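Colleague: If you scroll down you'll find the structure; I have some questions about it.
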Amino acid sequence: MSQGAAKRAYPGCRYASLNDFFMADLRDQTLSFRLRREWPAYLYLLPTTLVLLFLNAYPIAYTIYVSLTDFGTGGRFSLLTYHYVGLSNYVYAFTVNSSVSWSLIFNSLFWAGGSVAFFLAIGLGLATVLNQEIRGKTVYRTLIMLPWAMPAFITILIWANMWQYNYGIINGMLSYVGVAPVDWLQHTDTAWAALFITNIWLSFPFYTVVFLSTMQSIPKDLYEAASIDGAGMLSKFGRITLPYLMPTIVFVGLMGFLFTFNNFYPIYLITNGNPGSTTAIFITQSYNDAFGGSPAFSTAAMYAVLDFLIIVAITVVVLWRTNITRNWLK
Amino acid sequence: MRQRRGVRAIRIAKRVATHAILILTCIFALFPIYFMVVASLSTLPVAAITAHILVPRPSSLTLSSYHSILLDQNPSFLAELTNSLIFACSAAAIGLALAAFTGFALSKFNFPGRRTFVYFILLISLFPSFVMILPFYLMFAKLGLIDTYIGLIIPYSAGAVVFSGILVKNFMDSIPDDIEEAALVDGMTRTQAFFSVLIPLCLPVLGLAAFLAFVGPYTDYAFAHVFIDSNNLFTLALGLYQINSANGAGAQDYGLVCAFALVMSLPIVAFYMLFQRYIIGGLTLGAVRG
């Protein structure tokens, strides 16, 4: 087949002739050739690009700009006319107001890091338990999945009711077995405990099932060979299961961290940052600054930008040290 | 003989421990849901529910909470459901169409700037979506879009595109190029091949993307709370929050809250339980494939 005919019959063809096959690597790299062959991609991406620019990039840029103004915080008329004030919001946040800012940084990292540690530990543990020949495995797995299947906003609202001091079912159950009721949401320690327990309840099913399905894809021969060599359960877990699961652990761990860092509803609905902002994270603080009473838009925007910067820094470091985006970039 | 009995004892102990752990986990997982069901079926104050929850007496169970949330609310449950469906379905449809094109372009073309585009999407997806409420609110206040259907559908769809696009791309990466090339040899254009070969192969992931784009707006409170003032735009999430504020912990009447919550979550739970295998597989595509 001549090259022209091949191209007409098969426009997306990589190699129109044998010569092309050998030259392909060199030629594929030239910009003009790639443009000529791949230009329809830009058409397909056009609508998405517009959405990303106008409905994602522009609002983000606008948020960054608002964080550099006195919008809502510069006196009585700052909601109507506001001014560019440079970095003074940031300077204020780390001088006069530094205790709040540092506690937000600490709380956000503590909330995300602590949650992910629980998710991974419980997920791995339960997946190991479920990855045995046991009766009723499907029933257990289905029942464990239920919390994850319920919409989070709804179940968090129910949990918020359950943790109440006077009329919450948890204190009700405690008093039933003779334990004095705990004022969960009025003390920092117990408030965090309530938040973590709720968050674990929301997410452990997902981690368990993900780890379980990865474990089931490990070839059985590996374990048989290890048994013949006299390996015990622990060393099989450490030498076979864990290395095999590592890419999955890093991936869902990072995703879980990013998600939890910005997970708004558990904290907003259960403690709303109380007692006294000791359980507030960036995202709840920002929302409350903007829409909770007095509209301090510039402060809200500043906390959003700080949140974004921290998340980007963490993501860049993790992506740089691991190769988990290999599949995304092919 | 003695040793064999020891081995058997260990095996039985292991099995008992396994079931004990799993049963405790199931109790932890199911208790809040069980509480919701029992509370929604009783009109008792919470002090009585505590005793009631361990051994529910059939005689005290009643459907009156369900009757009340379905028929006696203002705005009505049906109106809220309609609004929620309008928001969620529009966002899912728009988000899905855009995500399919994006996934196709990013997965099957090797155009200059592809890497940059993927990094750009990843970067945008890291920006906290709840914070986008602020710029959207300020922008839409200027454009007069606050308290309108369009004003909420736009941010919902914009949010859906980012995640679904990556999801579809990851799935399309797993479809061999040969399939598309075979269609091209048969004389199709790439666009034809996309619609008649790739789209049908991608149906599971497109379904998942649409579902996730649906669930977000369906259960969204943060955006709706800021963007909606008038009663005729009220969504289910706002309705649930309102009922909770009026009847929750303070008023000691969980019946209405729990009944509303259960009815609202029923379709989502059914979908998750039916398709959990696809959902888990789709969400971890980028990770598991090596």
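The values are calculated or read from the model by the stated rules, or taken from the named source; none is laboratory data. Here the structure is a predicted model, which is why all the values come from computation and not from measurement. When we count neighbours, we look across all protein chains shown, and the Cβ atoms used for this are built from the backbone with ideal geometry, even at glycine.
Colleague: Among the candidates A:Leu242, A:Leu234, which residue alone is more than 23 Å from the chain's Cα centre (by Cα) and away from every other protein chain (no Cβ under 12 Å)?
Modeller: Working: A:Leu242 fails: more than 23 Å from the chain's Cα centre (by Cα).
After applying the criteria, what remains is A:Leu234.
Colleague: Within the stretch B:258-279, which residues are within 28 Å of B:Ser245 (Cβ to Cβ) and in contact (Cβ under 8 Å) with a residue 24 or more places away in the chain?
Modeller: Passing the criteria: B:Cys258, B:Ala259, B:Phe260, B:Ala261, B:Leu262, B:Val263, B:Met264, B:Ile268.
Colleague: Let me ask something additional. List the residue pairs whose Cβ atoms are under 7 Å apart, where the first residue sits in the stretch A:198-224 and is touching a residue at least 60 places away in the same chain (Cβ under 8 Å) and more than 8 Å from chain B (Cβ to nearest Cβ), the second is part of a loop (DSSP other than H, G, I, E, B) and not aliphatic (A, V, I, L, M), and the two are 6 or more positions apart or on different chains.
Modeller: A:Leu212/A:Asn131; A:Met215/A:Asn131; A:Gln216/A:Asn131
Colleague: Just one of the numbered conditions (1) buried (at least 22 other Cβ atoms within 10 Å of the Cβ); (2) at pLDDT below 85 is not true of B:Leu240; which one?
Modeller: (2)
Colleague: How many of the residues making up the stretch A:120-145 are under 19 Å from A:Leu202 (Cα atoms), at pLDDT below 90 and aliphatic (A, V, I, L, M)?
Modeller: 1
Quick grid of which residues meet (1) surrounded by fewer than 24 Cβ atoms within 10 Å (Cβ to Cβ); (2) more than 24 Å from B:Gly282 (Cα to Cα); (3) not aromatic (Phe, Trp, Tyr):
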| position | (1), (2), (3) |
| --- | --- |
| A:Asn263 | no, no, yes |
| A:Ser277 | yes, yes, yes |
| A:Gln285 | no, yes, yes |
| A:Gly292 | yes, yes, yes |
| A:Pro295 | yes, yes, yes |
| A:Asp307 | no, yes, yes |
| A:Arg321 | yes, yes, yes |
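Colleague: Now, a different point. Just to check your reading of the model, which residue among B:Ile121, B:Ile146, B:Ile86 is of a type outside the set (Lys, Arg) and not in a helix (DSSP H, G or I)? Give the derivation first.
Modeller: Working: B:Ile121 fails: not in a helix (DSSP H, G or I); B:Ile86 fails: not in a helix (DSSP H, G or I).
B:Ile146 is the lone residue from the list that is of a type outside the set (Lys, Arg) and not in a helix (DSSP H, G or I).
Colleague: Continuing with this model, one more query. Please determine whether any residue of the stretch B:176-192 is buried (at least 21 other Cβ atoms within 10 Å of the Cβ), among the aliphatic types (A, V, I, L, M) and in the same structural domain as B:Asn110 (by TED's automatic domain parsing).
Modeller: no
Colleague: Could you check the stretch A:218-233 and list, in sequence order, the residues that are at pLDDT 85 or above, assigned to a loop (DSSP other than H, G, I, E, B), of a type outside the set (Val, Ile, Thr) and surrounded by 10 or more Cβ atoms within 10 Å (Cβ to Cβ)?
Modeller: Selection gives A:Pro219 alone.
Colleague: Out of everything in the stretch B:101-132 that is crowded, with 24+ Cβ neighbours inside 10 Å and more than 7 Å from chain A (Cβ to nearest Cβ), what residue ends up being farthest from B:Phe195 (Cα to Cα)?
Modeller: B:Leu106
Colleague: Further, regarding this structure: Among the residues of the stretch B:82-94, is any in contact with a Phe, Trp or Tyr (Cβ under 8 Å, 6 or more places away or on another chain) and at pLDDT below 90?
Modeller: Checked against the condition, which is being in contact with a Phe, Trp or Tyr (Cβ under 8 Å, 6 or more places away or on another chain) and at pLDDT below 90, the stretch B:82-94 yields no hits at all.
Colleague: Cβ-Cβ below 7 Å, separation at least six or inter-chain, first residue in the stretch A:36-61 and facing chain B (nearest Cβ under 7 Å), second among the basic types (Lys, Arg): which pairs?
Modeller: Every condition considered, the pairs that remain are A:Pro40/B:Arg190.
Colleague: Name the helices (runs of 4 or more DSSP H) wholly within the stretch B:170-278 that hold at least 2 residues that are hydroxyl-bearing (Ser, Thr, Tyr)? Talk me through it step by step, then tell me what you get.
Modeller: Values: elements: B:177-185, B:190-193, B:203-218, B:222-227, B:236-247, B:254-274.
Passing ranges, in order: B:236-247, B:254-274.
Colleague: Let me ask you something else. Does A:Pro247 fit the bill of being on the phi < 0 side of the Ramachandran plot, under 18 Å from the mean Cα position of the chain (by Cα) and of a type outside the set (Phe, Trp, Tyr)? Working first, answer last.
Modeller: Details: on the phi < 0 side of the Ramachandran plot: yes; under 18 Å from the mean Cα position of the chain (by Cα): yes; of a type outside the set (Phe, Trp, Tyr): yes.
Yes.
Colleague: Out of (1) part of a helix (DSSP H, G or I); (2) surrounded by fewer than 18 Cβ atoms within 10 Å (Cβ to Cβ); (3) within 7 Å of chain A (Cβ to nearest Cβ), what's the single condition that is false for B:Val161?
Modeller: (2)
Colleague: In the stretch B:216-234, which residues are within 11 Å of chain A (Cβ to nearest Cβ) and in contact with an Asp or Glu (Cβ under 9 Å, 6 or more places away or on another chain)?
Modeller: Within the stretch B:216-234, B:Phe227 is the sole residue that qualifies.
Colleague: Continuing with the same structure: Just a yes or no: is a residue in the stretch B:42-49 among the hydrophobic types (A, V, I, L, M, F, W, C) and either at pLDDT 80 or above or touching an Asp or Glu at 6+ places or on another chain (Cβ under 7 Å) (or both)?
Modeller: Pass one, the stretch B:42-49, residues among the hydrophobic types (A, V, I, L, M, F, W, C): B:44, B:46-49.
From what is left, the residues that are either at pLDDT 80 or above or touching an Asp or Glu at 6+ places or on another chain (Cβ under 7 Å) (or both) are none.
The answer is no; no qualifying residue exists.
Colleague: Can you name every residue in the stretch B:259-268 that is crowded, with 18+ Cβ neighbours inside 10 Å and under 11 Å from the mean Cα position of the chain (by Cα)?
Modeller: Within the stretch B:259-268, B:Ser265, B:Ile268 meet the criteria.
Colleague: Check the stretch B:126-137 and report whether any residue there is assigned to a loop (DSSP other than H, G, I, E, B), touching a helix residue (DSSP H, G or I) at 6+ places or on another chain (Cβ under 8 Å) and without any contact (Cβ under 8 Å) to a residue 60 or more places away in the chain.
Modeller: Step one: of the stretch B:126-137, the residues assigned to a loop (DSSP other than H, G, I, E, B) are B:127-128.
Right, trim to touching a helix residue (DSSP H, G or I) at 6+ places or on another chain (Cβ under 8 Å) and you get B:127-128.
Still in the running and without any contact (Cβ under 8 Å) to a residue 60 or more places away in the chain: B:127-128.
So far as the stretch B:126-137 goes, yes, one or more of its residues are assigned to a loop (DSSP other than H, G, I, E, B), touching a helix residue (DSSP H, G or I) at 6+ places or on another chain (Cβ under 8 Å) and without any contact (Cβ under 8 Å) to a residue 60 or more places away in the chain.
Colleague: Just give me the residues in the stretch B:183-204 being within 11 Å of chain A (Cβ to nearest Cβ) and in contact with a helix residue (DSSP H, G or I) (Cβ under 8 Å, 6 or more places away or on another chain), in sequence order.
Modeller: Within the stretch B:183-204, the subset within 11 Å of chain A (Cβ to nearest Cβ) is B:183-191, B:193-194.
Answer for the stretch B:183-204, where residues must be within 11 Å of chain A (Cβ to nearest Cβ) and in contact with a helix residue (DSSP H, G or I) (Cβ under 8 Å, 6 or more places away or on another chain): B:Ala183, B:Leu184, B:Val185, B:Gly187, B:Met188, B:Arg190, B:Thr191, B:Ala193, B:Phe194.
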